[in-house]
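I have placed the structure first, in the form of C-alpha cells, so that the comments after it can refer back to it.
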C-alpha cells in the first residue's frame, strides 16, 4: 500500500505545483492587463482634454483705416489730371500721404 500512495502523492505534488504556477502566471497576466488598461485610459483622458481645450482666438485683422496709400495716390493723380489740383498741390498732398 505504501507503494501505491507514493505515486499518488507525487502526482498530487506535481499537479499542485503546476496549479500554483498556473495561478501565478494568470495573476501576473491580469496585473499586466490592468496596468495596460489603466495606461490606455490615462492616454484617452489626455487626448480628450486636448480636444476639449478651446481653440486659440483667431487672429484679428487690423481694422481698415481708410483707403490704402496706393488708392490715395491714384485719387490724387486723377484729381491732378482733371485739373482739380495744381502740380504744387499734388506734390504737397503726395508728400502728406507718403508721410515725408
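The values are calculated or read from the model by the stated rules, or taken from the named source; none is laboratory data. Small disclaimer: the values here were computed from a predicted structure and weren't measured. Because the Cβ atoms are built from the backbone with ideal geometry, glycine has one as well, and the counts that use them run over all protein chains shown.
A few points about this structure:
- Selected residue [closer than 30 Å to residue 96 by Cα and either at pLDDT 75 or above or in contact with a strand residue (DSSP E or B) (Cβ under 9 Å, 6 or more places away or on another chain) (or both)] from 68, 29: 68
- Extreme residue, nearest to the chain's Cα centre (by Cα), among residues of the range 80-100 that are exposed (fewer than 10 other Cβ atoms within 10 Å of the Cβ) and in a loop (DSSP other than H, G, I, E, B): 99
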